[in-house]
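Presented below is the structure to which this report refers.
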Amino acid sequence: MTYDDTNIFARILRGELPAHKIHEDAETLAFMDIMPRADGHSLIIPKLACRNTLDATPQALAACMVTVQRVAKAAMAALGAGGVKIEQYNESIAGQVVFHLHFHVLPCWPGVALRPPGKMGDPEAIKSHAEKLRKALA
């Protein structure tokens with residue numbers, strides 16, 4: 001499998017598409033999912049071009065996990081989540097839709113189910129959650 005540099009996350013990294021960025025460092029970018037399955041649903045990607053964990057370097061994986069942990073802690077603090085789900089998919093048979101390595105951080109609350117995938121979120125709610133997460137990550 002080869003990496004397609006026209007995928008949506010590569011385009012976000014190049015600044016060709018907008019995103020509600022919540023964290024950026026030399027190796028990773030964290031931003032809000034526009035089809036959130038939970039309030040505060042965010043995505044963490046490496047800046048390195050890789051399709052998924054199967055072709056990522058150990059360094060890219062390690063950098064992503066550091067950012068995943070930071071964002072997960074921020075989500076719990078900023079949004080009052082009782083926990084978080086961390087999801088990652090490899091290849092279409094496993095549910096991967098965008099073929100750039102990414103991790104989902106999904107805040108969870110008692111009695112609140114995840115929303116079904118594929119539905120656009122409320123832009124104002126996404127913006128509000130992004131602001132809260134940015135403050136918690138500062």
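The values are calculated or read from the model by the stated rules, or taken from the named source; none is laboratory data. Source: prediction; values computed, not measured. A quick note on method: Cβ atoms are made from the backbone with ideal geometry, for glycine too, and the neighbour counts reach across all protein chains shown. Quick note on the areas: whole protein, heavy atoms, side chains included, nothing else; ligands and nucleic acids left out. Shrake-Rupley method; radii C 1.70, N 1.55, O 1.52, S 1.80 Å.
In table form, for the structure just shown:
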{"quantity": "Close pairs (6 angstrom Cβ cut-off, 6 or more residues apart or separate chains): within 24 Å of Leu137 (Cα to Cα) in the range 1-25, open to solvent by 70 Å² or more (accessible area, probe 1.4 Å) and part of a helix (DSSP H, G or I) anywhere", "calculated": "Leu17/Arg11; Ile22/Arg134"}
{"quantity": "Neighbours by Cβ (under 7 Å, 6+ apart or cross-chain): first from the range 82-101, among the aliphatic types (A, V, I, L, M); second in a loop (DSSP other than H, G, I, E, B)", "calculated": "Val98/Asn7; Leu101/Cys50; Leu101/Arg51; Leu101/Asn52; Leu101/Thr53; Leu101/Ala56"}
{"quantity": "Number of positions in the range 101-113 that are part of a strand (DSSP E or B) and open to solvent by 50 Å² or more (accessible area, probe 1.4 Å)", "calculated": "0"}
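The rows are residues; the columns are (1) modelled with pLDDT of 95 or more; (2) of a type in the set (A, V, I, L, M); (3) touching a Phe, Trp or Tyr at 6+ places or on another chain (Cβ under 6 Å).
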position	(1), (2), (3)
Ile45	yes, yes, yes
Ala56	yes, yes, no
Gln59	yes, no, no
Thr67	yes, no, no
Arg70	yes, no, no
Ala75	yes, yes, no
Gly83	yes, no, no
Ile93	yes, yes, no
